Amino acid sequence: MTTPDLARDGLLPAKPATLADLVAAVCRFRDERDWAQFHTAKNLAAAVAIEAAELQERFLWKTDAEVERDLADAATRAGVAEEIADVVMFAMLLADRLGIDLADAIPAKLAANERKYPVELARGNARKYTELGGG
Ligand SMILES: [Mg+2]
């Protein structure tokens, strides 16, 4: 079995792919398999959480230093990349299922975060916005 080349196979344009290109490719993968019937909002939200847990499992019981050391290994890094991709792809499918355009939702959330975490209050600390004391 050979690794598919998504650009060659027409699933994706040649790099750089846009967010819309990636969402379309993920939806096409789903539709070619007739899997939308299983993709209820509840199931997709669970899938996001399950894939996030798989990502966390890669780091479970390791110190930060051990994680950094392990990520220097190409195979380990590739496995982590796969779990991150799983999380993002299921999030894309959930957004599609709900009719949410991530090209709108992500900038809107980023703008909300900009308001909650002004640079002059948040830079260099990890406090929650409710504890920044900005008024
Ligand atoms: Mg996974």
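Within the set ALA17, ALA53, ALA47, the sole residue that is touching a Phe, Trp or Tyr at 6+ places or on another chain (Cβ under 8 Å) and of a type in the set (Gly, Ala, Ser) turns out to be ALA47. The residues of the stretch 58-83 that are free of Cβ contacts under 8 Å to residues at least 24 places away in the same chain and within 13 Å of the ligand (Cβ to nearest atom), listed by number, are ALA78, GLY79, ALA81, GLU82. Which one is farthest from the ligand (Cβ to nearest atom) among residues in the stretch 28-54 that are surrounded by 16 or more Cβ atoms within 10 Å (Cβ to Cβ), under 15 Å from the mean Cα position of the chain (by Cα) and not charged (D, E, K, R)? By that ranking, first place goes to LEU44.
When LEU11, LEU22 are checked against the criterion of being under 19 Å from GLU83 (Cβ atoms), surrounded by 15 or more Cβ atoms within 10 Å (Cβ to Cβ) and either of a type in the set (A, V, I, L, M) or over 17 Å from the mean Cα position of the chain (by Cα) (or both), a single residue qualifies: LEU22.
Just so you know, all these numbers are worked out from the coordinates, no wet-lab data involved. These figures come from a predicted structure and were not determined experimentally. Virtual Cβ from ideal backbone geometry, glycine too; neighbours counted across all protein chains shown.
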